[in-house]
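Everything below concerns the one structure shown next.
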Amino acid sequence: MESAPSHRERLVPSWWLPLVLLLLVPASLLVFLPVGMEVGVGVAAVLYAAIMLALWFGAPVVELRDGVLRAGRARIGVDDLGEADALEGAAARTAMRSGWDPAAHHVISPWTTSLVRVPVTDAADPTPSWVVSTRRPRQLAAAISAAQHAGEQRAGGRDA
């Protein structure tokens, strides 16, 4: 039986992006009004809805459940991870610019400004770390740590 997630978030765009995308409505009306008002309104509505749906369903989900960290389509067990580092502000900007490691696994959302970086401890895995966008970096880092601790306790109980 699966447990409830200890952390889950969908990295959807910020609240202001749907408002800015409303500018598509008058732009498409200007293009399609010579054809007809109904066509212009229809195209504008369909275009706006399609873009919003694409942004929603294309947004990666970051979830920690049952000792497995999922970021987008990728997943890794927390027992293969080291200590999570929550990065906010200047530290997150540095990690995204000069601290970028091309060998790391990145799940980055352009509308989030904070990250969690966690090293991969599995010697067979060529990926040195995971860098994941999140709006709640401290909570995600704490959830990873708690899941690792819970896994150690379960493993310790089996060995005894």
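Where a number appears in this text, it was derived from the coordinates with a stated rule and is not lab data. Fair warning: this is a prediction, and the values are worked out from it, not measured in the lab. Note: ideal-geometry Cβ built from the backbone for every residue, glycine included; neighbour counts use all protein chains shown.
If you compute volume of the Cα convex hull per residue in Å³ for the structure shown, which of (i) 115; (ii) 233; (iii) 149 do you land on? Calculated volume of the Cα convex hull per residue in Å³: the matching label is (iii). Applying both filters, DSSP loop and at most 14 other Cβ atoms within 10 Å, to the chymotrypsin sites (Phe, Trp or Tyr not before Pro) of the stretch 41-139 gives Trp100. Computed on the chain, with alpha-carbon pairs under 8 angstrom and 6+ residues apart, the relative contact order is 23 percent. For the stretch 1-66, the list of GluC sites (Glu not before Pro) that fall in a loop by DSSP and count at most 10 other C-beta atoms within 10 angstrom reads Glu2. Phi-derived couplings, Karplus 6.51 cos²θ - 1.76 cosθ + 1.60 at θ = phi - 60°, listed residue by residue for the stretch 127-140: 7, x, 6, 10, 10, 10, 5, 7, 8, 10, x, 5, 5, 5 Hz, with x used for Gly and Pro. Averaged over residues, the count of other Cβ atoms within 10 Å places the peptides 119-127, 66-74 in the sequence 66-74, 119-127, highest first. Remark: relative contact order (the stretch 13-92) = 18 percent; criterion is Cα-Cα distance under 8 angstrom and separation of 6 or more residues.
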